[in-house]
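Heads up: the structure comes next, in structure tokens.
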Amino acid sequence: MSRAVSLLLGAALLCCHGAFCRRVVSGQKVCFADYKHPCYKMAYFHELSSRVSFQEARLACESEGGVLLSLENEAEQKLIESMLQNLTKPGTGISDGDFWIGLWRNGDGQASGACPDLYRWSDGSSSQYRNWYTDEPSCGSEKCVVMYHQPTANPGLGGPYLYQWNDDRCNMKHNYICKYEPEISPTAPGEKTYFTNQPGDAHQNVVVTEAGIIPNLIYVVIPTIPLLLLILVAFGTCCFQMLHKR
């Protein structure tokens, strides 16, 4: 039984390598070639069932030596927007799906004037930069923050639901963005490169490394194990019955 499960899991990983991992950009870590700017990873999941809670997103980033995204200023916000635009360019198949960032509120904050001041960055950043959507944060039971990513949604009172921030319940399932310290070692052979614009700078050479694929597969493979076991039991039962009839 255990050998059969191992084979099925191995097949799932091979299938991922051939199709899933090329489609989901959660395996790509983006680093600037000047080795001064932070690295980032956009973890987007096509399947809603594969998206994660705030705490799961935070742990996923930390397990790879990063943190859930903190934003220091408008320039960094615009840089992330540029990366998301590149991520969702026509032909990628990527559509609506908000992204967890590392801002959250540890407290009730029932007073409307006090609530926005209670939000803090989970990585300890002291940044006071905020990019709230109109009438946000709404507070109450919504204590964790997402960056809106709803390209197909009609504009609301505050304009399009793109890249602005909204507080949400921490157990909701979303995509997420990780942030890492700048890479200090040269690019390894075989890594892909492309060019992107960084606000205020000329074209920057950006190194994209295939990193973090296996940790993110945890959210895809592990939930399927009970189903795989059920299929194996049913298959074994059928085989036993066929052999018994003979």
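The values are calculated or read from the model by the stated rules, or taken from the named source; none is laboratory data. Keep in mind that what you see is a predicted model, and the values were worked out from it rather than measured. Please note: Cβ atoms are built from the backbone with ideal geometry, for glycine as well, and neighbour counts cover all protein chains shown.
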Check: Among Leu227, Leu232, Leu162, Leu157, which is the only one that is within 30 Å of Trp132 (Cβ to Cβ) and modelled with pLDDT under 85?
Finding: Leu157
Item checked: Selection from the stretch 39-57 of residues that are surrounded by fewer than 23 Cβ atoms within 10 Å (Cβ to Cβ) and either among the β-branched types (Val, Ile, Thr) or in a helix (DSSP H, G or I) (or both) -> Leu48, Ser49, Ser50, Val52, Gln55, Glu56
Notebook entry, point to check: So which pairs qualify, if the first residue must be in the stretch 70-91 and surrounded by 13 or more Cβ atoms within 10 Å (Cβ to Cβ), the second must be assigned to a helix (DSSP H, G or I), the Cβ gap must be under 6 Å, and the two must be at least 6 apart or on different chains?
Noted result: Leu71/Gln77; Leu87/Val25
Next item on the list: Would you be able to tell me the number of residues in the stretch 149-179 that are of a type in the set (Lys, Arg) and not in a loop (DSSP other than H, G, I, E, B)?
Entry: 1
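This table checks each residue for (1) assigned to a strand (DSSP E or B); (2) at pLDDT below 90.
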position: Ala60; (1), (2): no, no
position: Gly65; (1), (2): no, no
position: Lys78; (1), (2): no, no
position: Gln85; (1), (2): no, yes
position: Pro90; (1), (2): no, yes
position: Gly93; (1), (2): no, yes
position: Gly97; (1), (2): no, no
position: Trp104; (1), (2): yes, no
Note to self: Could you go through the stretch 207-220 and let me know if any residue there is in contact with a Lys or Arg (Cβ under 6 Å, 6 or more places away or on another chain), under 18 Å from Phe45 (Cβ atoms), of a type in the set (Gly, Ala, Ser) and modelled with pLDDT under 80.
What the structure shows: yes
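Please specify each residue of the stretch 106-121 satisfying the condition of being aliphatic (A, V, I, L, M) and at pLDDT below 90.
Taking the stretch 106-121 and keeping what is aliphatic (A, V, I, L, M), we get 111, 114, 118.
Those that are aliphatic (A, V, I, L, M) and at pLDDT below 90: Ala111, Ala114.
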Next item on the list: Out of the residues in the stretch 31-58 that are out of contact with any helix residue (DSSP H, G or I) (no Cβ under 6 Å at 6 or more places or on another chain) and small (Gly, Ala, Ser), state the one that is modelled with the lowest pLDDT.
Entry: Ala33
Check: Would you pick out the residues in the stretch 139-154 that are modelled with pLDDT of 90 or more and closer than 13 Å to Gly97 by Cβ?
Finding: Val146, Met147, Tyr148, His149
